[in-house]
Amino acid sequence: MTNPIDLRSDTVTRPSPAMRQAIMEAVVGDDAIDVDPTVEQLEQLAAELLGKEKAIFMPSGTMTNQVALRLHCGPGDEFLCEAECHILNYEQGAYAQLSGLVPRPVPGDNGVIELEQLHGMVRPDNENFPRTRLVCLENTHNRGGGRVQPFDKLVDICSWAHDHGLQTHLDGARLFNAVAATGIQAEEWSQHFDTISICFSKGLGAPVGSALVGSEELIREARRHRKLFGGGMRQAGVIAAGALYALQNNRQRMSDDHQHAQLIADAVRQVEGLRLVADEAETNMVIFEVSAQLATAVEFVGALAQNGVQMLATGPDRVRAVTHLDVATEHVEQAAKVIAETAQNLADGSQLPTKNGVQY
Ligand SMILES: Cc1ncc(COP(=O)(O)O)c(C=O)c1O
């Protein structure tokens, strides 16, 4: 049987031979004692691309986000965020478990909130209230179907936050997708935030790693929190080399992934019983609803998998497909065909709905 076409996430990519070569040749030190040269090179490039003083390498986007929250807030402090963001939905409530923080979510439109929704959200200085400290945004937005934050809205929200004495953090796990989609450079997005988290293991295609980027002072403090969370690493150059290779070589090609997502979105548009959640696939994700008459999302995903295409159910009736550097145009065209055939099979009863154990 041929390999399934894996559209579950952009995290599933395997290192290319050239990336493996870079990993093999990595010069390493001990990053927890003082310096690992490859980690240092990666951190310098990340800081440079985002126009900030410093960056710090960590194993995951969850850790960079959680270290950022802890940097900006103390126990009992509150942060404002959009209700579907990763920090709130997919990090096990780590802000509460690890740092004693309180989130104040604001409902968005596929991940995008309006400045007016934040008006009045900064609590007065009063011993009854938590202290409002931080605004977090996510770009591109995962549960928003890869939506790019409208630049002007983002600028307005960040400048409002700073005017109200709040800090700003960007979960930029897919910031370079936003760059590829808009032509707005990483440092233009980044200048509005005190800290930015970027991931190397998503659209950039590295096996492991994220960086938190910000001022020298903040990143010095972040190093303490990274240690506390168990993220101090030794010969980390071995993994940083893959991330460095990805950052140097894989940014330019991300628009291919975006074109591929358009092909999937077009296929979904044409199928009765499927509906795109966001009208356009702006970057590398497509989220669609499956009508109850056809199947549940888990059943639809199970049927797709039987036909050689993997996606994820991200809600009772929602399915997500993500394009990435391990799927070529021919795979995407095949996936588009399989979407239509699977829906047809389920509608005419020639394929019975099955669950393949995938849950959201
Ligand atoms: C928007 C966003 N932020 C953060 C993360 C967390 O990254 P990690 O899986 O490396 O912890 C993810 C992971 O999918 C994500 O999509």
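A short reminder: the numbers here are calculations on the coordinates, not readings from a lab. The shown structure was predicted, so the numbers you read here are calculated from the model rather than taken from an experiment. Neighbour counts are summed over all protein chains in view; Cβ atoms, including those assigned to glycine, are modelled from backbone coordinates with ideal geometry.
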Point to revise | Hits in the range 21-55 (condition: among the aliphatic types (A, V, I, L, M) and touching a Ser or Thr at 6+ places or on another chain (Cβ under 8 Å)) | key: 26, 27, 28, 50
Exercise for review: Go through the range 224-235 and count every residue that is more than 22 Å from the chain's Cα centre (by Cα) and in contact (Cβ under 8 Å) with a residue 40 or more places away in the chain.
Suggested key: 5
Practice item. Take the range 5-27 and flag every residue that is in contact with an Asp or Glu (Cβ under 9 Å, 6 or more places away or on another chain) and within 16 Å of the ligand (Cβ to nearest atom). Key: 6, 10, 12, 13
Review point. Restricting attention to the range 203-219, does a residue exist that is more than 16 Å from the chain's Cα centre (by Cα), among the small types (Gly, Ala, Ser) and not in a loop (DSSP other than H, G, I, E, B)?
Key: yes
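For every residue, the table says whether it meets (1) closer than 23 Å to residue 116 by Cβ; (2) within 17 Å of the chain's Cα centre (by Cα).
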| residue | (1), (2) |
| --- | --- |
| 141 | yes, yes |
| 149 | yes, yes |
| 152 | yes, no |
| 172 | no, yes |
| 176 | no, yes |
| 179 | no, yes |
| 187 | no, no |
| 191 | no, no |
| 196 | no, yes |
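Quick check on the range 191-206: of everything there that is within 11 Å of the ligand (Cβ to nearest atom) and not aromatic (Phe, Trp, Tyr), which residue is nearest to residue 261 (Cα to Cα)?
Of the residues in the range 191-206, the ones within 11 Å of the ligand (Cβ to nearest atom) are 197-203, 206.
Narrowing further to those that are not aromatic (Phe, Trp, Tyr): 197-199, 201-203, 206.
Working: 197: 24, 198: 21, 199: 20, 201: 19, 202: 15, 203: 13, 206: 20 Å.
Per the criteria, the residue is 203.
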Exercise for review: State whether the residues of the range 174-187 include one that is among the hydrophobic types (A, V, I, L, M, F, W, C), farther than 30 Å from residue 264 by Cβ and in contact with a His (Cβ under 9 Å, 6 or more places away or on another chain).
Suggested key: no
Practice item. Count, please, the residues in the range 253-290 that happen to be part of a loop (DSSP other than H, G, I, E, B), surrounded by fewer than 15 Cβ atoms within 10 Å (Cβ to Cβ) and touching a residue at least 40 places away in the same chain (Cβ under 8 Å). Key: 3
Exercise for review: Sort out for me the strands (runs of 3 or more DSSP E) sitting completely within the range 60-174 that have 2 or more residues that are in contact with a Gly (Cβ under 9 Å, 6 or more places away or on another chain), within 16 Å of the ligand (Cβ to nearest atom) and without any contact (Cβ under 8 Å) to a residue 24 or more places away in the chain.
Suggested key: none
Review point. In the range 47-57, is there at least one residue being in a helix (DSSP H, G or I), more than 13 Å from residue 233 (Cα to Cα) and of a type in the set (Gly, Ala, Ser)?
Key: yes
Point to revise | Residue in the range 123-144 that is basic (Lys, Arg) and under 28 Å from residue 180 (Cβ atoms) present | key: yes
